[in-house]
Amino acid sequence: HLFAGTEGGSVYVWNLADQKANILKGHSSITNIAYEKQSNIIATSSVDSNVKIWDLRASNSQAIFTYQEHTDAVKDLAISPDGQWVASGGLDGKLKVWEITTGKAVYELPQHNYGSKHVVSCLEFNP
């Protein structure tokens, strides 16, 4: 699969073999997409301050969780190597870690404060 997020808020899940796409809707402008292959889920982030988890095996194309605890655009996200957590960060300076199976926030790390800049612009888990 190839995943493409749009400024209009859609995520295209392309099957390259037949060049057909399943379209996931529910955000405004997409900022990032992360894939976890063992459980076949993706996480998406958006300027709407939400993070959504999508089960690609489901036929209804609905998000299984929506995390709504950021107060500004979410710039980046990452899924842990074991597929247990998704981390998100963005313009509000918050770095949050969510449990994928329950949708609960398990960590909120203090704001990064480098002078007046505390935006989280990228993040990644280390196995």
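Leaving out ligands and nucleic acids, and using a 1.4 Å probe, what accessible area per residue does the chain come to in Å²?
Each residue of the chain exposes 56 Å² on average to a 1.4 Å probe.
Per-residue HN-Hα couplings for the range 58-69, Karplus 6.51 cos²θ - 1.76 cosθ + 1.60 at θ = phi - 60°, whole Hz, x for Gly and Pro?
Karplus-based 3J(HN,Hα) across the range 58-69 equals 6, 8, 8, 6, 9, 5, 8, 9, 10, 8, 10, 9 Hz.
Given H placed 1.01 Å from N in the peptide plane, which residues other than close sequence neighbours of Leu95 have an amide H under 5 Å from its amide H?
Correct list: Leu109.
Which entry in (i) 0.99; (ii) 1.11; (iii) 1.03 matches Cα Rg over 2.2 N^0.38 Å derived from the coordinates of this structure?
Looking at Cα Rg over 2.2 N^0.38 Å for this model, the match is (iii).
So for the chain, taking the charge dipole from beta-carbon charges (+1 Lys/Arg, -1 Asp/Glu), which of Ser45, Tyr35, Ala4 sits furthest toward the positive end?
Farthest along the dipole direction, towards plus: Ala4.
Under 25 Å from the Cα of Lys104, which lysines turn up, not counting those fewer than eight places away in the same chain?
Result set, ordered by chain and number: Lys25, Lys37, Lys52, Lys75, Lys94, Lys96.
Could you go through the range 72-84 in sequence order and give the Karplus-derived ³J(HN,Hα) for each residue, using 6.51 cos²θ - 1.76 cosθ + 1.60 with θ = phi - 60°, rounded to whole Hz, and x for Gly and Pro?
8, 3, 8, 8, 8, 8, 8, 9, 4, x, 8, x, 7
Along the range 96-108, what does the Karplus equation 6.51 cos²θ - 1.76 cosθ + 1.60 (θ = phi - 60°) give for ³J(HN,Hα), rounded to whole Hz, x for Gly and Pro?
Taking θ as phi minus 60°, the curve returns 10, 10, 10, 7, 5, 6, 10, x, 9, 6, 10, 9, 10 Hz for the range 96-108.
Need one number: nm distance between label points at Trp14 and Ser61, each 7 Å from Cα along Cα→Cβ, rounded to one decimal.
It works out to 1.7 nm between the two label points.
Counting only protein heavy atoms, what percent of the accessible surface of the chain is carbon or sulfur at a 1.4 Å probe? Show your work: numbers first, answer last.
Details: 3470 of 7170 Å².
Carbon and sulfur together cover 48 percent of it.
Using modelled amide H (1.01 Å from N, peptide plane; none on Pro or chain starts), what sits under 5 Å from the amide H of Ile64, excluding residues fewer than 5 places away?
Ile53, Trp54, Asp55
The values are calculated or read from the model by the stated rules, or taken from the named source; none is laboratory data. As the structure is a computational prediction, the values presented were derived from the model and not from experiment. With ideal geometry, Cβ positions are generated from the backbone for all residues, glycine too; neighbour counts draw on all protein chains shown. Ligands, DNA and RNA are excluded from the accessible area calculation, which covers all protein heavy atoms including side chains. Shrake-Rupley method; radii C 1.70, N 1.55, O 1.52, S 1.80 Å.
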